[in-house]
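This report refers to the structure that appears directly beneath it.
Please treat every number below as a calculation from the coordinates, not as lab data. Quantities reported herein were computed from a predicted structural model and do not represent experimental measurements. We place every Cβ from the backbone using ideal geometry, glycine too, and count neighbours over all the protein chains shown.
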């Protein structure tokens, strides 16, 4: 089993690609991500949009607050993935 984690800054364009430090055996892994809320007060949901063995694409989804007031480029997104070693 392999556990990987990290963070990425911002979802400025509505999405961010994160690259795993080492690849998984296949795409049958679990990944979770959440936004660390800055000073905006808005809640930002993060969805996993696409996966492969070396990376994943995360999309933002505003669940509360005014999206126009959120500086998504400055929000920190933390992630963790669990899967099989190659």
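On a full-extension model of 0.36 nm per residue, what is the gain between residue 55 and residue 28, subtracting their alpha-carbon distance, rounded to one decimal in nm? Kindly include the intermediate steps, with their values, before the conclusion.
Working: separation 27, 0.36 × 27 = 9.72 nm, distance 1.27 nm.
Gain on stretching residue 55 to residue 28: 8.4 nm.
Packing here is the average count of other Cβ atoms within 10 Å per residue, and on that basis the peptides 21-32, 48-59, highest first, run 48-59, 21-32.
Order by neighbour count: 80, 1, fewest other Cβ atoms within 10 Å first, most last.
Working: 80 13, 1 7.
Ordered by Cβ neighbours within 10 Å, fewest first: 1, 80.
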